[in-house]
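K.L.:
Below is a structure I'd like to ask you about.
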Amino acid sequence: MEKTFLMVKPDAVQRGLIGEIVARFEKKGFQLIGAKLMRISQEQAEQHYIEHKDKPFYRELVDFITSGPVFAMVWQGENVIQISRQMMGVTRPHEAAPGTIRGDFGLIVRKNIIHGSDSVDSADREIKLFFKENELLEYSKLI
Ligand code: CMP
């Protein structure tokens, strides 16, 4: 079954949006198989955003994501990567459609509420970066 890594960023944790965001993915029908409130280390942040290493906003990005707790999650389900990205909305919240998470709750690109893996390869890499194998629970979904 396809898996993705989703992370409620420090801005949204501060604003008390964890429950609202988790509820959207639960109601959609995806299965939560791992979750934790955590503070990302500098090294994890640098690894996570390695593809943006040469961008002018890289340092700002790393500083922001390590500035406070995040809520890291692994979700599973049919086409969860693509569908969760549609539910998140585009990166720039001011361009994200109403009804999407960023469209409903975000205003500026740095504080864009949530991160989601963009491919099977990045999901694999990101899940391994933030979760140990024994932190992921496989259990049957009855509905
Ligand atoms: P995310 O999906 O976590 O992946 C990369 C992040 O870079 C993106 O969300 C934005 O939060 C951030 N980002 C993109 N463009 C900019 C920018 N111009 N300034 C600051 N952060 C940015």
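K.L.:
To the nearest 20 debye, what charge dipole does the chain have about its Cα centre, counting +1 at the Cβ of each Lys and Arg and -1 at the Cβ of each Asp and Glu?
P.N.:
360 debye
K.L.:
I would also like to ask the following. Considering only protein heavy atoms, what is the solvent-accessible area of R39 at a probe of 1.4 Å, reported in Å² to the nearest 10?
P.N.:
150 Å²
K.L.:
Quick one: longest stretch of the chain between exposed loop GluC sites (Glu not before Pro), exposed meaning at most 10 other C-beta atoms within 10 Å and loop per DSSP?
P.N.:
Segment 1-77 is the longest.
K.L.:
Compute the separation of the alpha-carbon centres of region 94-124 and region 36-82 and state it in Å as a whole number.
P.N.:
Answer, in whole Å: 12.
K.L.:
Largest first, how would T66, T91 line up by accessible area (1.4 Å probe)?
P.N.:
I get T91, T66, largest accessible area first.
K.L.:
Can you count the Lys pairs in the chain whose Cα atoms are under 17 Å apart, with each pair 8 or more apart or on different chains?
P.N.:
Within the chain, the lysine pair count is 13.
K.L.:
Please calculate the 1.4 Å probe accessible area of V109, with all protein chains present, and give it to the nearest 10 Å².
P.N.:
70 Å²
K.L.:
Counting only protein heavy atoms and using a 1.4 Å probe, what share of the accessible area of the chain belongs to carbon plus sulfur, as a whole percent? All intermediate terms of the calculation are to be shown ahead of the outcome.
P.N.:
Values: 4160 of 7930 Å².
Within the chain, the accessible surface is 52 percent carbon and sulfur.
K.L.:
Would you kindly find the accessible area of T4, with a 1.4 Å probe and non-protein molecules such as ligands, DNA and RNA excluded, rounding to the nearest 10 Å²?
P.N.:
0 Å²
K.L.:
Of I81, A23, S140, which is farthest on the positive side of the dipole of the chain, counting Cα position, with +1 on Lys and Arg Cβ, -1 on Asp and Glu Cβ, and the Cα centre as origin?
P.N.:
Most positive-ward Cα: A23.
The values are calculated or read from the model by the stated rules, or taken from the named source; none is laboratory data. As the structure is a computational prediction, the values presented were derived from the model and not from experiment. For neighbour counting, all protein chains shown are included, and Cβ atoms are generated from backbone atoms with ideal geometry for every residue, glycine included. Protein only, heavy atoms only, side chains kept; ligands, DNA and RNA dropped before computing areas. Shrake-Rupley method; radii C 1.70, N 1.55, O 1.52, S 1.80 Å.
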